[in-house]
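Here the structure is laid out as structure tokens; the discussion comes afterwards.
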Amino acid sequence: MITHTIFFYFFSIIAIYSALMVITSKNTVNSVFFLILDFISVGCLFIMVGAEFLGMILLIVYVGAVAVLFLFVVMMLNVAEQKTSWFRGRVTKGTHIPSGLFVSILIFLELLVVVGGWKYKTNIMSSGSLPIDQNTTNTHELGNVMYTDYVLYFQLSGMILLLAMMGAIILTYRKRENIKRQSYFKQVSREKSSSVELKDAEFDKGVKIDD
Amino acid sequence: MEYLNILLQEIYKIFFLVIPVLVTVAMIVWLDRRVWASIQKRRGPNVVGPFGLLQSLADALKYIFKEIIIPASANKAIFILAPIVTMTLALAAWAVIPFSESLILSDINVGILYLFAISSLGVYGIIMGGWASNSKYPFLGAIRSAAQMVSYEVSIGIIIINVLLCVGSLNLKDIVNAQQDLWFVFPLFPMFVIFFISALAETNRPPFDLPEAEAELVAGYQTEYSGMMYAMFWLGEYANILLMCAMGSILFLGGWLPPLDIYPFNIVPSFFWMILKILFLFLLFSIVKAIVPRYRYDQLMRLGWKVFLPFSLFYVVLTASFLFYFELLPTKVY
């Protein structure tokens, strides 16, 4: 049990530290790297509470794909140094601060409700959740719930993701003219008769090539 | 005291996993070069030791004694971290590979997801190295590599779903044991071919070695690296290739199971079969390297997104419908 506690504090300290560094580090690329570290340590925490499927999915989806795209965008845009940093030093035109404050107050209130609920309903841990069945893995449990009781919501969320993807493609797609495209079908189905022609070259005159 | 004992035991086990993997990687580099050479009618490394077997050790020694150069404009911390990340991840994934029924470092429930997660983290070593070098060619190499690895991960993930439909468990041992009667290469042969090609792309092997295309990008993301740090990238890359071979043999070739469960085959220790299968797949990898020309980048992307992804999705539907119709869906709860 004591090793469990040590590991818990180890990962949670890393998670909190890297979460702080995400918003305070000046270099945007460093922020993304700290975000990745945060994802990884939260994934480890998931595994420690026994939700190994969720932890692994977090690693695969967020770290393996989403954060790579983040990094991609940040590196391509080359926003290495931020000019206005209100965490350290001077406060310049802080147009983002009101909206940021609004969102953070909202999240803080939500947290207050959740933590308050814990405080006033002390038996929430024992009453609120079904007993964990030690004989089946939590992948099976998740599947049993997701594809039976919540199958409509599951499908619906998939549909929303598909729509979002299609929307993004439609918004960024533009048809360009005068562009050379490679058509494998055309290349492979080309015949000798349509591409090669034998001609007798006359001396000192050559062959006239018409294009 | 008890914890210390357990800790020491685990370290001991890890040690006896990592050292053989590293030695195998060194030998596999030699094998790769020899196969490559003999296909091109050259001799390959044949001077150091018998048949040049010690060539990799000589190379490693040379790398250790070379100077490590860090470019002045590089981001120092990330520059140093990149090869470490590559190599650590490549070795960490070996923890869940079962070499036999009992020869496995950690037998976790979501083994295949762990493997998939670790192999998808591998891209970070490359991106970090390419970006921190603060130079054009490494950066271009890193960008190419990131796009390539993310694209081909998708098709690998869907191929894994195909296998999981037939098994009904994410545990690697269960996956191997489900192939007792029939290896998955036979019913899922098209998936095996796509897995093999995607593994080539995932590990940046030719014909998909665009991140380090010599003619265009010098050496891609490794351009600014030297000495031991370069060697670590190299080791990590080959450890990843071996890992992909191990994954292929577990998913499709029946892991440690002998080809036929009859007398001369089943007295051979089972880890021998596993190693033989890994080596067989690696041989295919190195033959492909020698005989296939490099892809163009848009062709690579087209292959990943427009050919492999729809086809493997179609095959998922096919497998699922087949299993459902003939009532072969795995119902055993592990």
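None of the figures in this text is laboratory data; all of them are computed from the coordinates on show. Model, not experiment: these values are computed from the prediction. Because the Cβ atoms are built from the backbone with ideal geometry, glycine has one as well, and the counts that use them run over all protein chains shown.
Some notes on this structure:
- Taking other Cβ atoms within 10 Å as a rough exposure proxy, B:SER106, B:SER312, A:SER41 sort from fewest to most as B:SER106, A:SER41, B:SER312.
- Three-way shape label, the range A:1-82, alpha-carbon gyration tensor, a/c 1.5: oblate
- The modelled label-to-label distance between B:GLU10 and B:LEU284, using points 7 Å beyond Cα along the C-beta direction, is 3.5 nm.
- Across B:LYS41/B:LYS277; B:LYS62/B:LYS289; A:LYS180/A:LYS208; B:LYS136/B:LYS289, pairs whose alpha-carbon gap is larger than 30 Å: none
- Residue order, fewest to most surrounding Cβ atoms within 10 angstrom, among A:THR28, A:THR136, A:THR172: A:THR172, A:THR136, A:THR28
- Normalised contact order of the range A:1-82, rounded percent, pairs of Cα under 8 Å and 6 or more residues apart: 31 percent
- Shape class for the protein assembly as shown, computed from the alpha carbon gyration tensor (a ≥ b ≥ c): rounded, with a/c under 1.5.
- Averaged over the residues of B:113-125, the number of partner chain Cβ atoms lying within 10 Å of the residue Cβ comes to 5.
- Spacing of the two label points (7 Å from each Cα toward its C-beta) at A:LEU112 and B:VAL307, in nm: 6.0 nm
- Choice from B:TYR152, B:TYR263, B:TYR225 showing the highest fluctuation, given a GNM over chain B with Cα pairs closer than 10 Å: B:TYR263
- Kirkwood-type radius of the range B:1-110, with distances r between different C-alpha atoms, in Å: 17.4 Å
- J(HN,Hα) series, the range B:113-126, from Karplus relation 6.51 cos²θ - 1.76 cosθ + 1.60, nearest Hz, glycine and proline x: 5, 4, 4, 5, 4, 5, 6, 7, 6, x, 5, 5, x, 6
- A compact globular protein would have a Cα radius of gyration near 2.2 N^0.38 Å; the ratio found for chain B is 1.03.
- Of the trypsin sites (Lys or Arg not before Pro) found in the range B:23-78, the ones in coil according to DSSP and having at most 15 other Cβ atoms within 10 Å of their Cβ are B:LYS41, B:ARG42, B:ARG43, B:LYS66.
- Principal axis analysis of the Cα atoms in the range B:263-330 yields extents of 49, 43, 14 Å, listed in decreasing size.
- Pairwise centroid distance, computed over Cα atoms, of the range B:234-305 with the range B:1-77, Å: 19 Å
- A Förster radius of 51 Å combined with the Cβ-Cβ distance from B:ASP298 to A:THR3 puts the calculated FRET efficiency at roughly 0.50.
- Percent RCO, i.e. relative contact order, over chain B, from Cα pairs under 8 Å lying at least 6 residues apart: 24 percent
- With R₀ set to 25 Å, the beta-carbon distance separating B:ASP261 from B:ASP107 gives a calculated FRET efficiency near 0.65.
- Where GluC sites (Glu not before Pro) in DSSP loops with at most 12 other Cβ within 10 Å are excluded, longest remaining stretch of chain B: B:68-326
- Rounded if a/c under 1.5, otherwise prolate or oblate - the range B:18-74, Cα gyration tensor axes: prolate
- For chain B, built as a Gaussian network whose Cα springs stay under 10 Å, the top-fluctuating residue of B:ILE39, B:ILE127, B:ILE161: B:ILE39
- Burial ordering of A:GLU191, A:GLU52, fewest other beta-carbon atoms within 10 Å first: A:GLU191, A:GLU52
- Taking a point 7 Å from the Cα of A:VAL73 along the Cα-to-Cβ direction, the residues of the range A:26-60 with backbone N closer than 20 Å to it are A:26-40, A:58-60.
- Efficiency of FRET between B:LEU57 and B:THR88 - r from beta-carbon atoms, R0 22 angstrom, step 0.05: 0.50
- Stretch gain in nm, segment A:TYR17-A:SER194, where the contour uses 0.36 nm per residue and the Cα spacing is subtracted: 56.9 nm
- Residue with peak Gaussian network fluctuation, chain B [Cα springs, cutoff 10 Å], from B:VAL154, B:VAL35, B:VAL307: B:VAL307
- Residues in the range B:147-171 that a label on A:VAL61 would reach, taking backbone N under 16 Å of a point 7 Å out along Cα→Cβ: B:154, B:157-158
- 15 Å beta-carbon shell around A:MET76, net charge (K/R +1, D/E -1): +2
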